[in-house]
1. Are any residues in the range 67-94 farther than 11 Å from residue 105 by Cα, surrounded by fewer than 18 Cβ atoms within 10 Å (Cβ to Cβ) and touching a Leu at 6+ places or on another chain (Cβ under 7 Å), and if so, which ones?
2. Looking only at the range 10-41, count how many residues are exposed (fewer than 12 other Cβ atoms within 10 Å of the Cβ), within 18 Å of residue 95 (Cβ to Cβ) and in contact (Cβ under 8 Å) with a residue 12 or more places away in the chain.
3. So how many residues does the range 1-25 have that are away from the ligand (no atom under 13 Å from the Cβ) and either more than 11 Å from residue 45 (Cβ to Cβ) or in a helix (DSSP H, G or I) (or both)?
4. Can we say residue 64 is touching a Pro at 6+ places or on another chain (Cβ under 6 Å), β-branched (Val, Ile, Thr) and surrounded by 12 or more Cβ atoms within 10 Å (Cβ to Cβ)?
5. Under 8 Å by Cβ, and 6 or more places apart or on different chains, what pairs join a residue from the range 60-89 that is in contact (Cβ under 8 Å) with a residue 24 or more places away in the chain and in a loop (DSSP other than H, G, I, E, B) with one that is charged (D, E, K, R) and surrounded by 16 or more Cβ atoms within 10 Å (Cβ to Cβ)?
6. Taking only pairs six or more apart or across chains, which ones have beta-carbon atoms under 6 Å, a first residue in the range 93-105 that is in contact (Cβ under 8 Å) with a residue 12 or more places away in the chain and polar (S, T, N, Q), and a second residue that is part of a loop (DSSP other than H, G, I, E, B) and more than 13 Å from the ligand (Cβ to nearest atom)?
Amino acid sequence: MADCIFCALLAGRAPATFLHRDERCAAFMDIRPVNPGHLLVVPTTHAVGLADLDPDTGAHLFRTAQRMAAALRASGIRCEGVNLFLADGKAANQEVFHAHLHVIPRFRRDGFGFKFPMRYYVPTRRAALEENAEQIRRVL
Ligand SMILES: [Zn+2]
């Protein structure tokens, strides 16, 4: 896509620091890292979100992210843990609309984390879980 920054990186029209590239995906350093070593794994073919992503490519993204996480842990970069994160849609804080999987090295008290709402601590009734599960099962 002409106006997609990740497509531009993949085509060599914008600078990127690549770690890996194959026929289905590429991994490169995030230019706005949460922590040093933060990288992204993206499909080489433009896909906006999960619904547009070929499932085999999605599996390959995860496989590559798993390999990148192992490399991070072995690299000497501070990495006591790893988060894999994919934002699918604006409401989920997706900012670049070319699907991408974040691989984020983590360490204690690094200041990064998910913010849970206040109501997070309220236990959910089993009936509500069953109702939600039924809504999901209906469209599986
Ligand atoms: Zn793109």
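Bear in mind these aren't lab numbers, they're just calculated from the coordinates by the rules spelled out. Because the structure is a prediction, the values reported are computed rather than measured. For neighbour counting, all protein chains shown are included, and Cβ atoms are generated from backbone atoms with ideal geometry for every residue, glycine included.
1. Selection gives 88 alone.
2. Residues in the range 10-41 being exposed (fewer than 12 other Cβ atoms within 10 Å of the Cβ), within 18 Å of residue 95 (Cβ to Cβ) and in contact (Cβ under 8 Å) with a residue 12 or more places away in the chain: 0 in total.
3. Within the range 1-25, residues that are away from the ligand (no atom under 13 Å from the Cβ) and either more than 11 Å from residue 45 (Cβ to Cβ) or in a helix (DSSP H, G or I) (or both) number 8.
4. no
5. 79/106; 80/106
6. Every condition considered, the pairs that remain are 94/87.
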